[in-house]
Amino acid sequence: MKVLVTGVSAGIGGAICEQLADRHGTALSLVMCVRRSTELVEELASACRLRDSTVVIVTADLSQPQAPAELVARAVEEFGGLDVIVSNAGIADPAPLESLELEAWDRMFAVTCRASWLLAKAAFPHLCDSRGSFVAISSQSGSHPHRGTGAYSSAKAALTMLCRQLAIEWGRYGIRVNCVSPGMIRTPMTEAVYQDERILRAREAIVPLGTIGQPSDVARLVEFLIDPTNRYVTGQNIGVDGGLSQTLLDRIPGLARRQ
């Protein structure tokens with residue numbers, strides 16, 4: 001399996017890489033795309049290589065229009081084709097919309113949504129050949145507005161719709177396209193929040209399963225979606241949120257009763 005994963009770090013992207021290496025071992029040829037290579041990324045690559053997977057680290061700034069096509073070309077050059085793209089790159093730039101700068105809005109959409117489209121577009125002939133799969137990591141923020149997060153919810157909503165449209169346009173070629181929308185996941189980026197015990201307990205209390213998710217919870221779903229034996233799943237946006245997104249009406253005080 002020839003796989004390209006973007007946005008690789010110690011969070012969700014790294015967990016996806018490790019999950020695929022665990023599952024596929026020697027059958028996995030993996031391109032890990034990072035904004036910059038770090039000791040942590042090198043350790044992650046080494047961990048995957050210990051499972052006998054072939055791993056290449058590529059640095060790229062996906063906010064640049066030419067970067068996605070260059071990244072796909074590098075992956076194809078390394079492995080002679082491409083079976084899967086997992087588009088996980090994203091950024092956070094919280095700000096109220098009335099004070100958000102245009103540059104911040106454009107960068108959010110460039111990295112979160114435009115890069116996914118350009119990756120898919122560049123990979124299209126290769127995914128046609130392999131009857132492959134494209135999975136994007138969106139967010140529950142793409143389905144539910146979250147105040148103060150700037151362009152994040154808007155960009156994630158656009159990403160979710162992009163995947164739905166790609167799924168119906170590319171189904172005729174045997175390419176499956178799906179989206180994963182995590183809820184509250186404990187990653188290095190969010191860890192500072194969970195160091196506050198009061199906030200941790202308050203967050204756990206509003207999740208029906210009573211706990212915060214881990215990157216591995218997302219990774220296992222991604223592995224399921226890209227597995228070619230799950231050939232009839234496409235155009236889906238699947239939440240990984242412990243049931244949080246189903247609790248909106250549960251927060252309304254009181255119940256209407258029959259008179």
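Before moving on, here are some points about what is shown:
- Any chance VAL58 is part of a strand (DSSP E or B), under 19 Å from the mean Cα position of the chain (by Cα) and over 27 Å from GLY213 (Cβ atoms): yes
- The stretch 218-259, subset hydrophobic (A, V, I, L, M, F, W, C) and in a loop (DSSP other than H, G, I, E, B), residue nearest to ARG186 (Cα to Cα): LEU248
- GLY235 vs. criteria at pLDDT 95 or above, of a type outside the set (Val, Ile, Thr) and in contact with a Cys (Cβ under 9 Å, 6 or more places away or on another chain): yes
- Taken as a whole, the structure places VAL3 among residues that are touching a strand residue (DSSP E or B) at 6+ places or on another chain (Cβ under 8 Å), in a strand (DSSP E or B) and touching a residue at least 24 places away in the same chain (Cβ under 8 Å).
- Checking the stated criteria, ASP22 turns out not to satisfy the condition of being without any contact (Cβ under 8 Å) to a residue 60 or more places away in the chain, outside any helix (DSSP H, G or I), more than 30 Å from ASP106 (Cα to Cα) and acidic (Asp, Glu).
- The lone exception for ALA10 - which of (1) over 20 Å from SER216 (Cβ atoms); (2) modelled with pLDDT under 95; (3) of a type in the set (A, V, I, L, M) it fails: (1)
The values are calculated or read from the model by the stated rules, or taken from the named source; none is laboratory data. Since the model is a prediction, treat every value here as computed from it, not as a measurement. Glycine also receives a Cβ, built like all others from the backbone with ideal geometry; neighbour counts cover every protein chain displayed.
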